[in-house]
Amino acid sequence: TYFKELVDQGFDPEELEMYEVGYKGAFLNNSLNLSAVAYTYDWTDKQLIKVAVVQGLPLGLTRNAGASTINGLDLNLRARVADQTIINFNYSYIDASYDNYCDDSRNWTEVRGSFTACDSSAPGSYSRAGGKMPWTPDNAVVFSVEHVEPTRIGDVIISTSYSHKTNVGNADERVAGLTLLDEIARLNFSTAIEFNNGTTLRGYCTNCLDVDDD
């Protein structure tokens, strides 16, 4: 930053305690594979970079969120439906929220009106306890198919994937249509030829449905 007194304030180290329980299994002569993981994370003093305006200058300041909790579930299913065709399905559920976080990066009364500040020394400091963390969609699904077709000149690999996420925020302050999207969907497709001489030729499209996200 531009100000020595802000640098001298420093910030605390963060601590993450992670607890997970999972299962992995293979069925039907290994043609079907299943894995599942449930987890809970206890995050203390999570370090956040917040933009603040100090004496008219925008600064990136590192702040600590006192306590946070992340609970989630990950499921993966992989199936070989033919000798050359594989289907993958992934599902994730995430509940990530702040338990104790006093946001003093600006005077939040300008945004939220009147409330009791969480820090008497920082006017307009806003308590984000119970608020969701950024970049943690409530639900995320990915479905993909890959097919490999051997030919005389080499292998032809055809793959497609579809992903869907709900309630994706890119900031602590969630504003519909601005920093919060109800959903994000993507369809991708690619075809590649791996020639016998080691050369690969690939064509692909990303976001094939041309979905716009504000």
Practice problem: Of all residues in segment 180-204, count the ones that are without any contact (Cβ under 8 Å) to a residue 24 or more places away in the chain and surrounded by 13 or more Cβ atoms within 10 Å (Cβ to Cβ). | Solution: 2
Quiz prompt | Pair list, Cβ < 7 Å and 6+ apart or interchain, from segment 63-90 residues that are in contact (Cβ under 8 Å) with a residue 40 or more places away in the chain and outside any strand (DSSP E or B) to residues that are surrounded by fewer than 16 Cβ atoms within 10 Å (Cβ to Cβ) and among the acidic types (Asp, Glu) | solution = Gln84/Glu149
Quiz item: For segment 157-172, does any single residue satisfy the condition of being of a type in the set (Val, Ile, Thr), modelled with pLDDT under 95 and either in contact with a Lys or Arg (Cβ under 7 Å, 6 or more places away or on another chain) or surrounded by fewer than 12 Cβ atoms within 10 Å (Cβ to Cβ) (or both)?
Solution: no
Quiz item: Where residues in segment 89-125 are open to solvent by 60 Å² or more (accessible area, probe 1.4 Å) and in contact with a Leu (Cβ under 7 Å, 6 or more places away or on another chain), which of them is farthest from Lys165 (Cα to Cα)?
Solution: Phe89
Exercise. Residue by residue through segment 171-203, note down the ones that are farther than 30 Å from Pro134 by Cα, in a strand (DSSP E or B) and not charged (D, E, K, R).
Key: Ser190, Thr191, Ala192, Ile193, Phe195, Thr200, Leu201, Gly203
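Looking at segment 6-15, is at least one residue closer than 23 Å to Ala140 by Cα and surrounded by fewer than 12 Cβ atoms within 10 Å (Cβ to Cβ)? Break it down into steps so the answer makes sense when it comes.
Start the filter on segment 6-15 by keeping residues that are closer than 23 Å to Ala140 by Cα, which leaves none.
Checked segment 6-15: no residue is closer than 23 Å to Ala140 by Cα and surrounded by fewer than 12 Cβ atoms within 10 Å (Cβ to Cβ).
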Practice problem: Filter segment 126-144 down to residues that are assigned to a strand (DSSP E or B), open to solvent by 40 Å² or more (accessible area, probe 1.4 Å) and not aromatic (Phe, Trp, Tyr), then give me how many there are. | Solution: 5
Exercise. Inspect segment 36-50 for any residue being closer than 30 Å to Val148 by Cα and part of a strand (DSSP E or B) and give the result as yes or no.
Key: yes
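The values are calculated or read from the model by the stated rules, or taken from the named source; none is laboratory data. None of the values given here were measured: they were computed from a predicted structure. Note that each Cβ is placed from the backbone with ideal geometry, even for glycine, and that neighbours are counted across all protein chains shown. Please note that ligands, DNA and RNA were not included when accessible areas were found on the heavy atoms of the full protein model with its side chains. Shrake-Rupley method; radii C 1.70, N 1.55, O 1.52, S 1.80 Å.
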